[in-house]
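These notes are about the structure you will find just below.
The values are calculated or read from the model by the stated rules, or taken from the named source; none is laboratory data. Not measured: the values here are computed from a predicted model. Note: ideal-geometry Cβ built from the backbone for every residue, glycine included; neighbour counts use all protein chains shown.
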Amino acid sequence: MIRRSFIGLTTAMFMGLGLATPASAEDRFIIVQSTTSTQNSGLFDHILPMFTEKSGIEVRVVAVGTGQAIKNASNGDGDVLFVHAKPSEEKFVAAGDGVARFDVMYNDFVIVAPESDPAGVAGITDVTAALTRIAEAQAPFASRGDDSGTNKAELRLWAQTDVEPAAASGGWYRETGSGMGATLNAAVGMGAYTMSDRATWISFANKGNFKIVVEGDPRLFNQYGIILVNPEKHPNVKADLGQQFVDWVISQDGQAAIASYRVDGQQLFFPNASN
Amino acid sequence: MDSFGSILAEAFGLILALDPDLVEIVGLSLKVTLSAVAISCLIGLPLGAAVGAFRFPGRIVLTVLLNAMMGLPPVVVGLTVYLMLSASGPFGALALLYTPTAMIIAQTILVTPIAAALTRQVVEDLNREYAEQFASLGVGPLGRISALLRDARFSLLTVALAGFGRAVAEVGAVMIVGGNINHVTRVMTTTIALETSKGNLQLALALGVVLLILSLIINAAVMAVRGTAQRAAYV
Amino acid sequence: MFEAQTNTTSTDAARVPTPLLQTRSLGFEAGGQRLIDTVDVDIRTGRRTVIMGANGAGKSLLLRLLHGLIRPSAGQVLWQGRPLDRAGRYAQAMVFQRPVLLRRSVLANLSFALSARGIRGRERKRRIEIAMHQARLTALAYRPARVLSGGEQQRLAIARALACGPEILFLDEPTASLDPASIHAVEELIAQAHANGVTIVLVTHDLGQARRLGDDLIFLHGGRVVETGPAATVLDNPKSGPAKAWTEGRLFFESDPWNRSQRLGDRS
């Protein structure tokens, strides 16, 4: 009896391995290391089928924080990098891990808070002034704390204030160490302020009584870039297929596809490729 | 927060609709988990039986090690497998990262210690009864192992189920080495994590219920087979 | 304490051919206690030797030492004049007080034992048929061994031991927990094996069984041999104090050193 079930299981196992044979070079798919904001907002679900239909290339997205995406790509684990942390992206290219960086699109960051707005920052358009007031009120603030693009942008803003949030870590400043969605869930759960990219916020389904309290400061601008991982440094990179994807994203077709993505009637990403 | 009733309703709605995406995800979950459990049993059962049946130097240390490894953190296993399979890692040339095979490897590492440690306990107890008789009959080491495993087969089904439970519920390792790629490496647990991060808590919970039902069906099926076989053939 | 009587068997041994099985100053210690103490016995070919003694005298322990299941702490066991080795062990078989049967059918239990001895194919099939016939288990061939009655289980255990074709069969209180009809059936099987030339070594508490089945008798007390001789002679006219007290029902101990040593985890 057990022998027979062993045979069955073993067969299942080898079938499993068979179906999952390593990808050979001819396989028409690429791996894109990207961020949770592009994935969770639904942008990829909207634009990738258009590209696949046109090119016959399947796009496999690994959605992690920008920091981890860059690290994975610099290990050669991906063909294209599509993230939002310009200084880190430029460092990635300078280190020879990427071929060239192109602007793709932007959206912006917003600060969201419970309706009661305990620090009273609603309506303030100067983001650093708003952050300072949150710190003075010692109102809870949920930070990604995960080295993601959003986290890096948030820390750049804190650096422009007189506040040292790390000193309050564990107090009013709470680092979740998680993705945007998990951090939003945590913020809603504990009534904390948090900074999110607008796309994730709009498509987030568990808003509770939260709303946007700070937006529109130019320093909240959030630029996305795309980079082909350098095949000279990482020979397994599918340079040809990856380049086709990069070219399409910054082409008129790709840019139009990005612009056409809407949630609840709102446009989430604004294409700004330079060609 | 939604009521538990509406979560259940959504869960059954998902099952009844036989949504192709859901079917695909459930199928991959089963494929990955069952493969990992099968490989783990092929390694862990003989290993555990050997530790349970034989006395050799280092046996206690090995036993403690196996028991401790039952608590391996999935994320650590995931990271280790990632570093091994990464294009810049030692096995990068195999191009296994972000494939179901990578997920099977990670889960096999998680489940094998469970299979071995629990098998050791079962076999050690049975061996206490059989050891003298085996010695008297002059049964060799391999004969002992296979006879003990065969006679403990019904208890070992529970061992396999314990391994299945660990693997099917695990998210940390498969997320890292699989990448949660839609239609390629997305399984039940990573989908639940994804929907949670999108704030779709009700859908996430409903998927959790689907996972639970799946686990329930498999456990019930194995127990039914075990009961029938036990009654029909041996005691 | 009682003194051991002169060991008549060893003086006899000088005049007869090499005994099938001998012990030389055999000793076994566990937990700082000497459980078998300087035992010298001869088991002669074709004879039926009964080992008796109170609980705790070391009977089961001696049987396991003779069979090579445990290593002695002192002295040695000689099989046909040479130290007991693997080949010697293969010429022996043992039946335990509580039959240890695999969780399989009657047939599979027999088949397993023969396979362990490298007996396969037609020869295995032939031996299984003979064994089942002798033990009157043919009708139960496909029954799970674990659901048989106590007597049937013990018959299967003996049939399994005999199927291996041993020159000597050790039995450790094989009828201790059986009803009279089952005891009779087991004794019949033992007698049959003896008639077929198998040397028998039997541990028993049952005086009647010792008379029925015993040619020679070894009486143990406190791990030492206190009396040996023809079974009928020893039982009718015991010379040593312990054997006399035993036959008169005045001798008992609370614990068996074999069980004690098992609890101490000193099994090799």
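Could you check how many residues of the range C:73-105 are in contact with a helix residue (DSSP H, G or I) (Cβ under 6 Å, 6 or more places away or on another chain) and within 11 Å of chain B (Cβ to nearest Cβ)?
The total comes to 8.
Would you mention how many residues in the range C:135-176 are over 27 Å from C:G68 (Cα atoms), away from chain B (no Cβ under 12 Å) and either touching a strand residue (DSSP E or B) at 6+ places or on another chain (Cβ under 7 Å) or not in a helix (DSSP H, G or I) (or both)?
4
Kindly indicate whether any position in the range B:89-99 is surrounded by fewer than 13 Cβ atoms within 10 Å (Cβ to Cβ) and either of a type in the set (F, W, Y) or touching a Gly at 6+ places or on another chain (Cβ under 6 Å) (or both).
no
Could you check the range B:1-75 for helices (runs of 4 or more DSSP H) lying wholly inside it with 3 or more residues that are under 22 Å from B:L212 (Cα atoms) and aliphatic (A, V, I, L, M)?
Because the criterion is at least 3 residues that are under 22 Å from B:L212 (Cα atoms) and aliphatic (A, V, I, L, M), the helices (runs of 4 or more DSSP H) in the range B:1-75 that meet it are B:4-17, B:20-53.
State which residue is farthest from the chain's Cα centre (by Cα) when the search covers only the range A:58-68 and only residues that are over 15 Å from A:A257 (Cβ atoms) and either more than 9 Å from every other protein chain (Cβ to nearest Cβ) or surrounded by fewer than 23 Cβ atoms within 10 Å (Cβ to Cβ) (or both).
A:E58
Among the residues of the range B:25-56, count how many are more than 10 Å from chain A (Cβ to nearest Cβ) and among the charged types (D, E, K, R).
So the answer is 1.
If we only count helices (runs of 4 or more DSSP H) wholly inside the range C:26-122, which ones have 3 or more residues that are closer than 30 Å to C:L251 by Cα and touching a residue at least 24 places away in the same chain (Cβ under 8 Å)?
So the answer is C:59-66.
Residues that are basic (K, R) and away from chain B (no Cβ under 14 Å), at least 1 per element: which helices (runs of 4 or more DSSP H) completely within the range A:159-275 meet that?
Those helices (runs of 4 or more DSSP H) span A:198-203.
Inside the range A:31-100, counting only helices (runs of 4 or more DSSP H) that do not spill past its ends, which hold 2 or more residues that are among the β-branched types (V, I, T) and in contact (Cβ under 8 Å) with a residue 12 or more places away in the chain?
Qualifying helices (runs of 4 or more DSSP H): A:36-40, A:66-74.
Under 6 Å by Cβ, and 6 or more places apart or on different chains, what pairs join a residue from the range A:132-156 that is within 14 Å of A:A85 (Cα to Cα) with one that is crowded, with 19+ Cβ neighbours inside 10 Å and among the basic types (K, R)?
So the pair list comes out as A:T150/A:R144; A:N151/A:R144.
For the range A:238-275, which residues satisfy the criterion of being at pLDDT below 95, farther than 16 Å from A:S203 by Cβ and surrounded by 21 or more Cβ atoms within 10 Å (Cβ to Cβ)?
Of everything in the range A:238-275, nothing turns out to be at pLDDT below 95, farther than 16 Å from A:S203 by Cβ and surrounded by 21 or more Cβ atoms within 10 Å (Cβ to Cβ).
Looking at B:S88, B:S136, can you tell me which residue is touching a strand residue (DSSP E or B) at 6+ places or on another chain (Cβ under 6 Å), without any contact (Cβ under 8 Å) to a residue 12 or more places away in the chain and of a type outside the set (A, V, I, L, M, F, W, C)?
B:S136
Are any residues in the range B:198-209 small (G, A, S) and assigned to a helix (DSSP H, G or I), and if so, which ones?
Answer for the range B:198-209, where residues must be small (G, A, S) and assigned to a helix (DSSP H, G or I): B:A204, B:A206, B:G208.
Would you confirm, using the coordinates I've provided, whether B:A102 is at pLDDT below 95 and not hydroxyl-bearing (S, T, Y)?
So B:A102 does not fit the description; no.
Name the residues in the range B:15-36 that are of a type in the set (A, V, I, L, M, F, W, C) and surrounded by fewer than 18 Cβ atoms within 10 Å (Cβ to Cβ), would you?
Correct list: B:I15, B:L16, B:A17, B:L18, B:L22, B:V23.
Looking at (1) surrounded by fewer than 18 Cβ atoms within 10 Å (Cβ to Cβ); (2) touching an Asp or Glu at 6+ places or on another chain (Cβ under 9 Å); (3) touching a residue at least 12 places away in the same chain (Cβ under 8 Å); (4) of a type outside the set (F, W, Y), which is the only condition C:T138 fails?
Every listed condition holds for C:T138 apart from (3).
Test of understanding: among A:G78, A:G98, which residue is assigned by TED's automatic domain parsing to the domain that holds A:W248 and within 25 Å of B:L194 (Cβ to Cβ)?
Unique residue meeting the criteria: A:G78.
For every residue, the table says whether it meets (1) within 20 Å of the chain's Cα centre (by Cα); (2) aliphatic (A, V, I, L, M).
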{"residue": "B:F91", "(1), (2)": "no, no"}
{"residue": "B:A116", "(1), (2)": "yes, yes"}
{"residue": "B:V123", "(1), (2)": "yes, yes"}
{"residue": "B:Y130", "(1), (2)": "no, no"}
{"residue": "B:D151", "(1), (2)": "no, no"}
{"residue": "B:T158", "(1), (2)": "yes, no"}
{"residue": "B:F164", "(1), (2)": "yes, no"}
{"residue": "B:V168", "(1), (2)": "yes, yes"}
{"residue": "B:A193", "(1), (2)": "yes, yes"}
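Go through A:D108, A:D146 for me and flag whichever is in contact with a Gly (Cβ under 6 Å, 6 or more places away or on another chain) and not β-branched (V, I, T).
Answer to the check: A:D146.
Among the residues of the range C:24-35, what is the count of those that are within 10 Å of C:L62 (Cα to Cα) and in contact with an Asp or Glu (Cβ under 8 Å, 6 or more places away or on another chain)?
Total meeting the criteria: 3.
Give, as residue ranges, the helices (runs of 4 or more DSSP H) completely inside the range B:118-197 that count at least 1 residues that are within 11 Å of chain A (Cβ to nearest Cβ) and over 30 Å from C:P166 (Cβ atoms).
B:153-168, B:172-178, B:188-197
Out of (1) over 28 Å from A:F82 (Cβ atoms); (2) surrounded by fewer than 22 Cβ atoms within 10 Å (Cβ to Cβ); (3) touching a residue at least 24 places away in the same chain (Cβ under 8 Å), the odd one out for A:G177 is which?
Going through (1) over 28 Å from A:F82 (Cβ atoms); (2) surrounded by fewer than 22 Cβ atoms within 10 Å (Cβ to Cβ); (3) touching a residue at least 24 places away in the same chain (Cβ under 8 Å) one by one, A:G177 breaks only (1).
Tally time: how many residues in the range C:178-233 are acidic (D, E) and either buried (at least 21 other Cβ atoms within 10 Å of the Cβ) or in a helix (DSSP H, G or I) (or both)?
Selection size over the range C:178-233: 4.
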